[in-house]
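This report refers to the structure that appears directly beneath it.
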Amino acid sequence: MDDQLSIERGCCKKSAGTCSKLEVYDWLNDVVNKSGEDDIIEVRFKNTRKDYYRNVNNLKLKAGDLVAVEANPGHDIGIVSLTGALVKHQMKKHKVTLINGDIRKVYRKAKTVDIDKWREAMALEHNTMIEARKIAANLKLNMKIGDVEYQGDRTKAIFYYIADERVDFRQLIRVLADTFRIRIEMKQIGARQEAGRIGGIGPCGRELCCATWIGNFVSVTTNAARYQEISLNPQKLAGQCGKLKCCLNFEVDAYIDAQKDFPPSNVPLDTEEGRYYFQKADIFSRILYYGMNGNKGLPPVAVSVERAKEVIRLNKRGKKVEKLSDGVIDNGIKKTKGFEDVIVEESLTRFDEPKPRHRKKKRYSKNKSSRQPKKKS
C-alpha cells in the first residue's frame with residue numbers, strides 16, 4: 001500500500017529507501033541527538049510541496065510514514081520525508097507555513113479511514129483540473145491551470161495556475177466553489193515550478209534539477225552563457241520549461257574568476273603579418289584564439305593569456321611583434337618540457353594494431369608409424 005501511495009504522490013521506491021521530488025538524503029540518521037530538539041519533522045505532499053510540523057505527541061516517526069497533520073481548516077495527509085537534526089537546516093531554505101505565529105502540529109499516524117478518504121480525494125484531482133480549465137476558458141481568463149491538489153480530508157483543494165499578467169479570478173473562485181462544493185485556494189506558480197512539479201529528464205541525462213533539489217529559483221540571464229563562451233542558441237539554452245536553463249548559473253562564478261586577468265576581447269593584436277582579432281577562448285586552459293580578417297582558410301592562432309597581454313603592451317608603445325605565437329602553444333596544446341609517455345599500456349591506440357600470429361606447432365601421435373613423413377606419389 002505504501003508503494004502505491006508513493007507512486008501516486010509523485011515519488012518512487014528504491015531498494016535503499018524512499019526517493020521523491022526534492023528528496024533530501026539524511027546522512028545523520030544513525031546519529032543520536034541527545035539534545036532532544038528533534039520535535040520538528042518534514043512532510044511531503046503531492047509533487048514538490050513540502051512543509052514542516054511539530055511532533056507534539058512524541059510519536060515514533062520515520063521517513064515513509066503516513067501522518068495526519070494540521071491544516072486550515074481540517075487536516076491533511078502527507079508522507080514523512082525527513083526527521084532529526086537536518087530538518088532545521090532545511091527550514092532555512094524553504095518557507096514554513098505558520099498558524100497564529102506557530103508551526104503546525106502532527107495529529108497522529110494516518111489510520112485506514114484517513115487513507116481511504118485520501119485515496120478518494122486523489123482520484124478526483126485529474127477530472128477536477130480538466131473541468132476547471134473549461135470553466136476558466138468560458139470566463140475568458142488568460143491563465144493556465146496546471147495542477148489540482150486535494151487536501152487529505154477532501155474539504156479543500158489547491159489550484160496551481162500560470163499567468164503572464166494579473167488575473168481577476170474572483171468570479172472563477174465562486175464558480176469552482178459552487179461546482180465542486182469545496183474550499184478553493186488559488187496558487188500562482190512560474191514556468192520553472194511547473195516543470196519541477198511535472199518532472200522529467202534533462203538533456204544531460206539526469207532528472208531535472210527543479211524536481212530533485214532546487215527549491216528557490218533565481219533569475220538566469222544570457223550573460224551567464226557569454227561568460228562561459230557558450231553559443232547563444234535559444235534551442236540549446238532553453239530547458240523544458242521554455243526558460244533559460246538553471247544550470248547556466250552553476251559554474252558561472254568559476255568562469256568569472258578565471259577571466260579576471262584576461263585581456264579585453266575587443267582589442268586587436270597588431271603584428272608584422274597583419275592584424276589579428278579575437279575569436280574564442282579556452283578559459284581554464286588560459287588559451288586565446290585570434291584570426292585575421294580575410295584569411296578565412298587559415299586556422300586561428302592559439303596564444304597564451306600572458307603572450308596576448310604582452311603584445312597589447314607592445315602595440316600601445318607603437319611596436320609590432322614579428323609573430324603572434326611565441327612557440328609555447330602548438331595547435332591549442334601547451335608544450336611541456338621533459339615529458340615523455342613511457343607507459344605504453346595506457347595508450348588508447350594500443351589495441352588498434354593486430355598482434356603477430358604465432359605458428360602452431362604440429363602435433364604428432366604416439367604411434368611411431370604416423371610420425372614418419374608420407375611418401376610422395
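The values are calculated or read from the model by the stated rules, or taken from the named source; none is laboratory data. In this text, all values refer to a predicted model and were calculated from it rather than measured experimentally. All Cβ positions, glycine included, derive from the backbone under ideal geometry; neighbour counts span all protein chains shown.
Values computed for the structure shown
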{"item": "Evaluation of Gln235 against (1) part of a helix (DSSP H, G or I); (2) at pLDDT 90 or above (one fails), failing number", "result": "(2)"}
{"item": "Single match in Val43, Val67 (criterion: surrounded by 20 or more Cβ atoms within 10 Å (Cβ to Cβ), closer than 26 Å to Gly199 by Cα and touching a Phe, Trp or Tyr at 6+ places or on another chain (Cβ under 7 Å))", "result": "Val43"}
{"item": "Qualifying residue in the stretch 108-122 (condition: hydroxyl-bearing (Ser, Thr, Tyr) and free of Cβ contacts under 8 Å to residues at least 12 places away in the same chain)", "result": "yes"}
{"item": "Of all residues making up the stretch 10-58, the number that are modelled with pLDDT of 80 or more and outside any loop (DSSP other than H, G, I, E, B)", "result": "10"}
{"item": "Unique residue being of a type in the set (A, V, I, L, M, F, W, C) and in contact with a strand residue (DSSP E or B) (Cβ under 6 Å, 6 or more places away or on another chain) when the list is Leu244, Leu269, Leu232", "result": "Leu269"}
{"item": "Pairs, first without any contact (Cβ under 8 Å) to a residue 40 or more places away in the chain and among the acidic types (Asp, Glu) in the stretch 58-70, second in a loop (DSSP other than H, G, I, E, B) and surrounded by 19 or more Cβ atoms within 10 Å (Cβ to Cβ), C-beta under 8 Å, six or more apart", "result": "Glu70/Arg104"}
{"item": "When residues of the stretch 188-223 are limited to those that are assigned to a loop (DSSP other than H, G, I, E, B) and of a type in the set (A, V, I, L, M, F, W, C), the one nearest to Ile158 (Cα to Cα)", "result": "Ile189"}
{"item": "Failed criterion for Arg133 (all others in (1) surrounded by fewer than 16 Cβ atoms within 10 Å (Cβ to Cβ); (2) under 24 Å from Asp147 (Cα atoms); (3) not hydrophobic (A, V, I, L, M, F, W, C) hold)", "result": "(1)"}
{"item": "Residues that are of a type in the set (D, E, K, R) and over 26 Å from Arg226 (Cβ atoms), drawn from the stretch 271-312", "result": "Glu272, Glu273"}
{"item": "Some residue of the stretch 94-114 being part of a strand (DSSP E or B), under 23 Å from Ile145 (Cβ atoms) and in contact with a helix residue (DSSP H, G or I) (Cβ under 9 Å, 6 or more places away or on another chain)", "result": "no"}
{"item": "Residue within the stretch 77-85 that is within 22 Å of Ile182 (Cα to Cα), surrounded by 18 or more Cβ atoms within 10 Å (Cβ to Cβ) and not acidic (Asp, Glu) present", "result": "yes"}
{"item": "Meets criteria (surrounded by fewer than 20 Cβ atoms within 10 Å (Cβ to Cβ) and of a type in the set (A, V, I, L, M, F, W, C)) for Val175", "result": "yes"}
{"item": "Verdict on Ile79 being part of a strand (DSSP E or B) and under 32 Å from the mean Cα position of the chain (by Cα)", "result": "yes"}
{"item": "Of the criteria (1) closer than 21 Å to Ile201 by Cα; (2) in a loop (DSSP other than H, G, I, E, B), which one Ile230 fails", "result": "(1)"}
{"item": "Residue check for Arg192: among the basic types (Lys, Arg) and surrounded by fewer than 19 Cβ atoms within 10 Å (Cβ to Cβ)", "result": "no"}
{"item": "Within the stretch 125-166, tally of residues that are part of a loop (DSSP other than H, G, I, E, B), under 31 Å from the mean Cα position of the chain (by Cα) and not small (Gly, Ala, Ser)", "result": "6"}
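Here's the yes/no breakdown for (1) at pLDDT below 80; (2) under 29 Å from Gln259 (Cα atoms); (3) touching a Ser or Thr at 6+ places or on another chain (Cβ under 8 Å); (4) not in a loop (DSSP other than H, G, I, E, B):
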{"site": "Leu298", "(1), (2), (3), (4)": "yes, yes, no, no"}
{"site": "Glu310", "(1), (2), (3), (4)": "no, yes, no, yes"}
{"site": "Lys323", "(1), (2), (3), (4)": "no, yes, yes, no"}
{"site": "Gly327", "(1), (2), (3), (4)": "yes, yes, no, no"}
{"site": "Glu340", "(1), (2), (3), (4)": "yes, no, no, no"}
{"site": "Arg350", "(1), (2), (3), (4)": "yes, no, no, no"}
{"site": "Arg363", "(1), (2), (3), (4)": "yes, no, no, no"}
